[in-house]
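The structure appears right after this line, and notes come after that.
The values are calculated or read from the model by the stated rules, or taken from the named source; none is laboratory data. Note that the structure is a prediction, hence the values are computed from the model and not measured. Using ideal geometry, Cβ is built from the backbone for each residue, glycine included, and neighbour counts are taken over all protein chains shown. To get the accessible areas, we keep the full protein, side chains included, count just its heavy atoms, and leave off ligands, DNA and RNA. Shrake-Rupley method; radii C 1.70, N 1.55, O 1.52, S 1.80 Å.
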Amino acid sequence: MDITTLVGLIVGMIVLATLILMGGDFRMFYDIHAVIIIFGGSFAATLIRFPLSAILHGMPLGAKFAFTMSRLSARDLVDELARIAEIARKQGPVGLEKVETDEPFLAKGIRYVADGYDLEFIRDNMERDRDNFLMHLNEGSKIYRAIGDCAPAFGMIGTLLGMVQMFSNMSDPSKLGPFMAVALLATLYGALVANLICLPIADKLHGKLIDEETNRTLIIDGILMIRDSKSPALVREMLLAYLPEKHRHEEGELVPA
């Protein structure tokens, strides 16, 4: 679980609820017309912007990765691949059949080596798998950013509709309040959907896309070196190049000046 996403949403909701309750109650801040214009309009605009297949793949994947963390960090992957290289060196590819890992993509590579697939097949298959995954994750980021971009615009549209309806009914004071509520709440809903939910999720997914690209490329290189029977020390040294300098050393090990 990526606790920061959940905590951020909860804190945002608490702040909003506190401000609402300090000046009234929740019923004052609910209007079905504003809900329709924001969520219906944003959904319609998203359907126009993206193919249905991209929405069906990208939104669930984006929601999943916004609230989850990778099972292993890049540093953990280096250590894990070095351990696997040691097993392969001592027991051969057959010894990898009993190796277990929490990372599905790494487990797939281990299975390929254990089954004796050739180097080119492993490279092509894993790179294709990585690229497809990153494409869908990028689609998720773009979709949430698109919703975040258009929600305030539809809030403004709702505001304009409410103002037009209000000014068209100036002779009937009883209708001015509901139309003004539509005008103001549409803007509020659009700003909240964009700035509390969609745009932060889009930014988080972009950061996780970069991390996943690094991790999966690291795994591919490590698996290929294991398949090529490289020594565990060489595997470790080669893969440490993927890490920032401050993360390349074991805990407690002195970092060279």
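Quick notes on this structure:
- Filtered residue count, the stretch 32-58, keeping only those that are part of a helix (DSSP H, G or I), within 30 Å of Pro104 (Cβ to Cβ) and open to solvent by 60 Å² or more (accessible area, probe 1.4 Å): 4
- Check on Leu199, in contact (Cβ under 8 Å) with a residue 24 or more places away in the chain, farther than 26 Å from Leu106 by Cβ, assigned to a helix (DSSP H, G or I) and in contact with a Lys or Arg (Cβ under 8 Å, 6 or more places away or on another chain): yes
- Restricting the stretch 110-165 to residues that are over 24 Å from Leu52 (Cβ atoms) and basic (Lys, Arg), the residue that is most open to solvent (accessible area, probe 1.4 Å): Arg111
One line per residue, one yes/no per condition, for (1) in contact (Cβ under 8 Å) with a residue 40 or more places away in the chain; (2) more than 33 Å from the chain's Cα centre (by Cα):
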| site | (1), (2) |
| --- | --- |
| Gln165 | no, yes |
| Asp172 | no, yes |
| Leu209 | yes, no |
| Ser229 | yes, yes |
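- Test result for Phe105, over 23 Å from Pro200 (Cβ atoms), in contact (Cβ under 8 Å) with a residue 60 or more places away in the chain and open to solvent by less than 80 Å² (accessible area, probe 1.4 Å): yes
- Filtered residues of the stretch 88-102 (kept if surrounded by 18 or more Cβ atoms within 10 Å (Cβ to Cβ) and part of a helix (DSSP H, G or I)): Ala88, Pro93, Leu96
- In the set Leu243, Leu209, Leu218, Leu205, only one residue is at pLDDT below 90, farther than 30 Å from Gly162 by Cα, open to solvent by less than 40 Å² (accessible area, probe 1.4 Å) and in contact with a helix residue (DSSP H, G or I) (Cβ under 6 Å, 6 or more places away or on another chain); that residue is Leu243.
- Qualifying residue in the stretch 166-184 (condition: of a type in the set (Val, Ile, Thr), assigned by the TED database to the domain that holds Ala54 and either open to solvent by 40 Å² or more (accessible area, probe 1.4 Å) or not in a helix (DSSP H, G or I) (or both)): no
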